[in-house]
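Every number here is computed from the coordinates shown, using simple stated rules; none is lab data. Everything quoted here is computed from the prediction, not taken from an experiment. Glycine also receives a Cβ, built like all others from the backbone with ideal geometry; neighbour counts cover every protein chain displayed.
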Amino acid sequence: MPEELRWREADRNRSVLLREGLAGELPAALAGEGWDEFELLSTDRALADAPGLAEAAKAIHTVPKGPVPDVSAQVIDAVGSDRLVALGGGRVIDAAKAIAAVRGGEVAAVPTTMSGAEMTAIHRLPAGREGVAGVRPSLVLADPALMTSAPEDALRASSMNALAHGADSLYTPLADELSRAPALKGARLIAGSLDAGRDERDASELALGSLLSANALDLAGLALHHVLSQTAVRVLGTPHAETNAALLPVTMEEMTGRAPEQLAPLAEALGTEPGGLRERIEQLGGGRRGLGELGADRARLGEAVEAAMARQDLFKMTPGEVRAADLERVLDAAW
């Protein structure tokens, strides 16, 4: 990996900069991209790792915990600028995107996790507000150390969330060579990084793998895995990254039967055969995780299936017929 990696996408109005040590240079990096004045959305924890950024902001808005529609609605009336810098994980970045969708503003994202939110135009709107959904950050400033600083168990769960972005995009009707290439390269980088011990790991490769995987999802969209994961988080109350890590081995096993031609390259990128995809993903994720172990209430499984079946993207984007019994089988296997 080079010390700095930069790319610009004129058709998507986005610039991405990946560089070690960027967290300590954020005010200068933002100014260099024309972001001299902005308001900042973040958390107290994230701000501690970004010296000087709070002082450079016109105003600081702390994003509380909770669903994005609720937390963005709590913050939006205090925001006075149309240029927002989001320093944090997926909740913070998605809240900034939601506010920009209502206000017609612009977002620069500084991710502190591998949520992928910094690379997509996927977000919900603030509760009770109308806007043009689909705001994509126009500037992404990514520091590998900041994105991959979580403890090992949490980092592997977050990595499976990142891997899921590219994996789920491989078999949608919108998938093509432009989306599959970053998905598979991202998968190779994530797998190679996790195979190395933490002390030998190249954080830049892991961070780039996450960015590429999220970019693939932005290009080709989401399908069965993400519908089930998002629904499980909302209905069953399980944590986001860990839910993805629990479901991904099972959803990819399901999709190997539905889209074998699309999933075979993923298995190759991860260094296994299609029949070993489930075990390989569990290995990369640090071992098997079960929804029950994450605190899910099995009595609400039927409610989760019903909520997932109500989403049209499940049927439009997933190959083959999708029945409630299929979703029940997948969730049961991940329990």
Which value does Rg/Rh take for segment 152-333 over its C-alpha atoms, Rh per Kirkwood? 0.94
Show me, for segment 162-171, the HN-Hα J-couplings you get by feeding each phi into the Karplus relation (A = 6.51, B = -1.76, C = 1.60, θ = phi - 60°), rounded to Hz, glycine and proline as x. 5, 4, 4, 4, x, 4, 5, 7, 5, 10
Using θ = phi - 60° and the Karplus curve 6.51 cos²θ - 1.76 cosθ + 1.60, what whole-Hz ³J(HN,Hα) does each residue of segment 249-263 get, with Gly and Pro shown as x? x, 7, 5, 6, 5, 4, 6, 4, x, 8, 9, x, 5, 7, 8
Which angle from 0 to 90°, rounded to the nearest 10, does the C-alpha axis of helix 224-236 make with the longest principal axis of the chain? 80
How big is Rg to Rh over segment 4-147, alpha-carbon atoms, Rh as the Kirkwood inverse-mean-distance radius? 0.93
Which lysines does residue 97 reach when only Cα atoms under 21 Å apart count, and residues fewer than 8 places away in its own chain are ignored? 58, 65
Hull volume per residue for segment 258-335, using the convex hull of the C-alpha atoms, in Å³ is 105
Using a Förster radius of 45 Å, what is the FRET efficiency between residue 234 and residue 3 based on their Cβ-Cβ separation? Nearest 0.05, please. 0.65
Amide H partners (placed H, <5 Å) of residue 88, local residues excluded: 110, 112
So the FRET efficiency between residue 152 and residue 333, C-beta based with R0 = 25 Å and rounded to 0.05, is 0.45
Show me the GluC sites (Glu not before Pro) within segment 112-189 that DSSP assigns to loop and that have at most 13 other Cβ atoms within 10 Å of their Cβ. 130
What list do you get for 97, 58 if you sort them by fewest beta carbons within 10 Å? 58, 97
List the residues whose amide H sits under 5 Å from the amide H of residue 60, counting only those 5 or more places along or on another chain, with H placed 1.01 Å from N in the peptide plane. 40
HN-Hα J couplings of segment 201-207 from phi, Karplus 6.51/-1.76/1.60, θ = phi - 60°, integer Hz, Gly and Pro as x? 5, 8, 4, 5, 5, 5, 5
Can you pull out the GluC sites (Glu not before Pro) in segment 203-306 that DSSP calls coil and that have at most 14 other Cβ atoms within 10 Å? 293
What Kirkwood radius, in Å to one decimal, follows from the Cα pairs of the chain? 19.9
Ratio of Rg to Rh over segment 145-260 (Cα coordinates, Kirkwood Rh, two decimals): 0.97
Segment residue 54-residue 264, extension gain: residue separation times 0.36 nm, minus the distance between their alpha carbons: 71.0 nm
Fully extended contour minus Cα-Cα distance, from residue 65 to residue 324, at 0.36 nm per residue: 90.1 nm
